[in-house]
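Working notes, structure below.
The values are calculated or read from the model by the stated rules, or taken from the named source; none is laboratory data. Because the structure is a prediction, the values reported are computed rather than measured. Note that we place each Cβ from the backbone using ideal geometry, even for glycine, and neighbour counts take in every protein chain shown. Note: accessible area is taken over every heavy atom of the protein model, side chains too, but ligands, DNA and RNA are not part of it. Shrake-Rupley method; radii C 1.70, N 1.55, O 1.52, S 1.80 Å.
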Amino acid sequence: MGSGFEVNFDFYMFLSFVDQFMLDLDDAFGIFSPMGGWTRAVYPEFYRQKILDKLYKKYKNKKRVTKTLYYFKKQNYINTKVVDGQRVFYLSPHGYSKILKIKLKLKRKKLKKDGKYRIIIFDIPEKEKLKREYFRKGLKCLGFQQLQKSVWVSPYDVFKELRLFAEDCRLTENVKYILATKIE
């Protein structure tokens, strides 16, 4: 997978077609975050065809692939835009959240509480409000619960995924990690 998440493939076969397709699309994109900047998230028309060819080959049904991509566009999982006169497409924040939820669902199947708490404290400036809201959504997807506005906690070992997410959002300087054994 493009994100660095460890996915338990024993559970992969129990996903819905849409969820499987979304993971395959993420893999075809080779990225995991629309927050990493346009250079990582945008795919010109010639890349689009390579991605489609890869999906057509796997699913062996062009019509179903095309319909699913149309559905993803309607659901705002992917977007298109004209940049420098060239049509490009990319995963939307909503699409990124969907992939994050699917991967977390796969990971949760094997997550166990270990008696420790992962506490995240972040300070994201008001001028980056959209990024802050997006980061909060990602924390929820990773199984964190809010203690205060910028303080979140989880009983699961998801620091690795959280660090990747913070890097993709370009927020590493804004996030602090704490490992605690007790919260009173």
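The set of residues in the stretch 90-114 that are open to solvent by 50 Å² or more (accessible area, probe 1.4 Å) and either in a loop (DSSP other than H, G, I, E, B) or closer than 12 Å to Leu171 by Cα (or both) comprises Lys109, Lys110, Lys112, Lys113, Asp114.
Take the residues in the stretch 50-64 that are under 15 Å from Asp27 (Cα atoms) and not hydroxyl-bearing (Ser, Thr, Tyr); name whichever of them is surrounded by the most Cβ atoms within 10 Å (Cβ to Cβ). Top of the filtered list is Leu55.
Among all residues of the stretch 154-174, there is none that is on the phi > 0 side of the Ramachandran plot, exposed (fewer than 13 other Cβ atoms within 10 Å of the Cβ) and not charged (D, E, K, R). Taking residues in the stretch 142-157 that are farther than 13 Å from Ile183 by Cβ, and partners anywhere that are at pLDDT below 90 and open to solvent by 100 Å² or more (accessible area, probe 1.4 Å), the pairs with Cβ atoms closer than 9 Å and at least 6 places apart or on different chains are Gly143/Arg108; Gln146/Lys140; Tyr156/Arg108; Tyr156/Lys112; Tyr156/Lys113; Asp157/Lys112.
Among residues of the stretch 123-139 that are closer than 16 Å to Ile99 by Cβ and assigned to a helix (DSSP H, G or I), those with a beta-carbon under 7 Å from a residue that is open to solvent by 30 Å² or more (accessible area, probe 1.4 Å) and modelled with pLDDT under 85 at least six positions away or on a different chain give the pairs Tyr134/Met35; Tyr134/Pro93.
Only one of the numbered conditions (1) without any contact (Cβ under 8 Å) to a residue 24 or more places away in the chain; (2) on the phi < 0 side of the Ramachandran plot; (3) among the polar types (S, T, N, Q) is not met by Asn76, and that is (2). The condition (being open to solvent by 50 Å² or more (accessible area, probe 1.4 Å), over 30 Å from Gln20 (Cβ atoms) and of a type in the set (Val, Ile, Thr)) is satisfied by just one residue among Ile124, Ile178, Ile119: Ile178.
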